[in-house]
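Some notes on the structure that comes next.
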Amino acid sequence: MIHDELWLDRYRTDGFFVGRQFLSPDEVTELVGHVQRYIHERIPTMPSEQVFYEDQQQPESLKQIQQMWKHDDYFHALMTEGRFRQVAEKCLDGPVVPKNLQYFNKSPGVNQPTPVHQDAFYFMLDPPLALTMWLALDEVDEENGCVRYIPGSHRQPLRSHQRTGTLGFSQGITDYPLADEREREVPLCARPGDLLVHDAMTIHRADGNRSSTRTRRALGMIYYSERAKEDTARHAKYQRQLASEMKSKGRV
Ligand SMILES: O=C(O)CCC(=O)C(=O)O
């Protein structure tokens, strides 16, 4: 499937693409089992600044887990070997560096929209050669907060961002929407096993989950091109500042 050149054309033209049924239903079932195992076994051993809840008193409001691949052999292999990495290498046209494997959820009743942003603003890379994969684990549609992209936005310069109050998505574009951006957004509904892939420059956002019963779970995988240089000092400083702010506000 990853040899389908149409994917690559879409990625280059639009700045994103969807690989439908990238994982089979059986593979999704196995993966969801490992996510559940991880939540029970690993979260208690993780640093609190890598695990985000909308409300820490409500375990079901778990919204993000960062760096899962660094705490678990199964997720380490998922990130570093096999098909996801191969897709990243194809899109980024050469060797890649695995950077983050995240869990995302928007729990019904207690969740927030994802602010409009470009991942490159967080990554601090020069050149910004990187991508994010987003693998749906649930049925995802406009009601429970599907991801929305602006086609072609990856060819525009990086926009200015500022702090949002959203845990896990601390930055949002300041001047959004410009012109007809809102109308150009493409909502990407997805079924479990569908893989969305977007360029680090692509503008995207998601609404909150308005449903009363449905979760909106996904795994996010970030890969940098080996050709991208990371401003590691600036990035580490930002991460430290953010972690200390979140702790002082009692959010982690
Ligand atoms: O899950 C979401 O709402 C958005 C995820 C996202 O923005 C990203 O992975 O870059």
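Key figures
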read-out: Normalised convex hull volume, the stretch 167-252, alpha-carbon set, Å³ per residue; value: 175 Å³
read-out: Square roots of 5 times each gyration tensor eigenvalue, C-alpha, the chain, largest first, Å; value: 24, 22, 20
read-out: Euclidean distance between Cα centres, the stretch 119-144 to the stretch 67-100, Å; value: 14 Å
read-out: Mean Cβ count within 10 Å, highest first, over the residues of peptides 166-175, 218-227, 13-22; value: 218-227, 13-22, 166-175
read-out: Within the chain: Cβ-based charge dipole about Cα centre, in debye rounded to nearest 20 (Lys, Arg +1; Asp, Glu -1); value: 760 debye
read-out: Helix-derived mean residue ellipticity, 222 nm - over the chain, DSSP H n ≥ 4, -39500 (n - 2.57), to 500; value: -8000 deg cm²/dmol
read-out: Alpha-carbon centroid distance for the pair the stretch 188-210 / the stretch 156-182, whole angstrom; value: 16 Å
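Taken together, the values in this text are just the output of simple stated rules run on the coordinates, not laboratory data. Model, not experiment: these values are computed from the prediction. Note that each Cβ is placed from the backbone with ideal geometry, even for glycine, and that neighbours are counted across all protein chains shown.
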